Amino acid sequence: DIGQAAKYVEQQLDILSMHKVTYSGYLLLDTVLLYKKQLAAQQQTKCTIISELVIEQDLSEKFLNDIALILAGCFDNALEATAKITQYPKRWIKIRMYNDQTYIYLQLENSVEKDIILHEYDLPKTTKQESRLHGFGLSQVKNVTESYQGQMALSCNDNVFTIGLMLKYHSTAIP
């Protein structure tokens, strides 16, 4: 329903302006991060967002939307992983975003109940019971990242899962 969607967006904009939270200066990305941070608080997961992003005015809306989509998917995965941890103080998510003249760098770390075994060329398998209906999130993140001449790196050590992304954002990388 378009009316409900418009009402939802209006509510999120009100929340954003009320909290005066700006991570990137790009409204959709800031709204996604604020909303996901609220979800983390509801599940008693500490969330830290460090942003040193300087969003260029000439970036395409598609590129910025893809960044928001990538972060939303990664954040959802982190929320799901931290929810499995029974000791609330051990639940945490940390996001770092920054850029240079050519790339935007995104790093998301989260605590996990137990280390995930990663294989060099394979993405981790879903842990959901209906596995045929899930497990496309990281592959989608990887595909979008690579579409911007970027790279994705995963690691999991000492109960910390890390995803690092770099996406090229100069006009030559924008499809």
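Computed values, structure above
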read-out	value
Highest to lowest packing among 62-73, 79-90, scored as the average C-beta count within 10 Å	62-73, 79-90
Whole-number Å³ per residue for the convex hull built on Cα positions in region 31-99	74
Inter-probe distance in nm under a simple model that places probes 7 Å from Cα toward Cβ, at ILE117 and LEU69	3.3
Of LYS84/LYS142; LYS142/LYS168; LYS46/LYS114; LYS90/LYS142, pairs whose Cα-Cα distance is over 21 Å	LYS84/LYS142; LYS90/LYS142
Radius, Kirkwood style, for region 52-91 when every pair of distinct Cα atoms is counted (Å)	12.3
Separation in nanometres of the label points that stand 7 Å from Cα toward Cβ, at ILE2 and ARG96	4.4
Karplus-derived 3J(HN,Hα), 6.51/-1.76/1.60, for each residue of region 72-80, Hz, glycine and proline x	4, x, 5, 5, 4, 4, 5, 4, 5
Distant-in-sequence amide H partners of ASN159 (H built 1.01 Å from N, under 5 Å)	ASP115
Spacing of the two label points (7 Å from each Cα toward its C-beta) at ALA153 and LYS62, in nm	2.9
Segments 155-161, 5-11 sorted - mean Cβ within 10 Å per residue, highest first	155-161, 5-11
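Where a number appears in this text, it was derived from the coordinates with a stated rule and is not lab data. On a predicted model such as this, the values are computed, not experimentally measured, just so you know. Please note: Cβ atoms are built from the backbone with ideal geometry, for glycine as well, and neighbour counts cover all protein chains shown.
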